[in-house]
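What follows is a single structure, written as structure tokens, with notes after it.
The values are calculated or read from the model by the stated rules, or taken from the named source; none is laboratory data. What you see is a predicted model, and the numbers here were worked out from it, not measured in a lab. Note that we place each Cβ from the backbone using ideal geometry, even for glycine, and neighbour counts take in every protein chain shown. Heavy atoms of the whole protein, side chains included, go into the accessibility calculation; ligands, DNA and RNA do not. Shrake-Rupley method; radii C 1.70, N 1.55, O 1.52, S 1.80 Å.
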Amino acid sequence: PFIYHNAWNLSRQQLDLFSNKPDYYKNISAGSLCACSALPFIEGTVELDGDTYCEGALIDTVNFESLLQDHPDLEEIWISRIVDAKQVRKPKNLHDALGNLCQLFAATVGEDDVRLFKYHVRTKKNWTGTIVMAGT
């Protein structure tokens, strides 16, 4: 399967894509996986090849913009959302409240972006493949 994720390159002010197939994007690595989940105030930024990265979802939640354009032969797309608004609990302190802020933002914006993606690929691009929501 083709697997990819994004991370925001703070050094170059751009969204970088990483995949398990190096012909398309940069290589997925342990560092890129840490970078794609490095939320400010929660986790530190990650340095890769001289550039500093943080969570790409802060800029583009699910980054589906060019998925079908770059890969027109896809038959199936699996979406694995790592944050769900139902995971957020009542905060016990200010630290928890800050964590909730990040989680609620990521969860709700991500959910909306997935809905928009489904709408656009079906109505605008006439894509007839399967979308699988992993973990839901």
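Counting only the heavy atoms of the protein chains, how much of residue 127 is accessible to a 1.4 Å probe, in Å² to the nearest 10?
Estimated to the nearest 10 Å², residue 127 gives 30 Å².
Report the relative contact order of the stretch 22-71, percent, no decimals, based on alpha-carbon pairs under 8 angstrom and at least 6 residues apart.
26 percent
Using amide H atoms built in the peptide plane, which far-off residues or other-chain residues are under 5 Å from residue 78 H to H?
Those qualifying (amide H under 5 Å, at least 5 residues apart or on another chain) are 132.
Sort out for me the Cα centre separation of the stretch 1-43 from the stretch 91-118, rounded to whole Å.
20 Å
Run the simple label-point estimate for residue 80 and residue 2 please: 7 Å along Cα→C-beta, distance reported in nm.
It is 1.8 nm.
Can you give me the accessible area per residue for the chain, using a 1.4 Å probe, in Å²?
That works out to 66 Å² per residue.
Using a probe of 1.4 angstrom, how much of the accessible area of the chain is carbon and sulfur, in percent?
55 percent
Given the -39500 (n - 2.57) contribution per DSSP H run of 4+ residues, what per-residue ellipticity at 222 nm results for the chain, rounded to the nearest 500 deg cm²/dmol?
-9500 deg cm²/dmol
Between residue 101 and residue 73, how high is the FRET efficiency from 1/(1 + (r/R0)^6) when r is the Cβ-Cβ distance and R₀ = 41 Å? Nearest 0.05.
According to the calculation, E is roughly 0.55.
How high is the relative contact order of the chain? Use alpha-carbon pairs under 8 Å, at least six apart in sequence, and give a whole percent.
Value for the chain: 20 percent.
Work through the residues other than residue 81 whose Cβ is under 15 Å from its Cβ and net out their charges, Lys, Arg +1 and Asp, Glu -1.
Within the 15 Å Cβ shell, the charges total -3.
Work out how much length residue 13 to residue 124 would gain on full extension: take 0.36 nm times their residue separation and subtract the Cα-Cα distance, in nm to one decimal. Walk me through the numbers on the way to the answer.
Working: separation 111, 0.36 × 111 = 39.96 nm, distance 2.97 nm.
That pair, residue 13 and residue 124, stretches by 37.0 nm at full extension.
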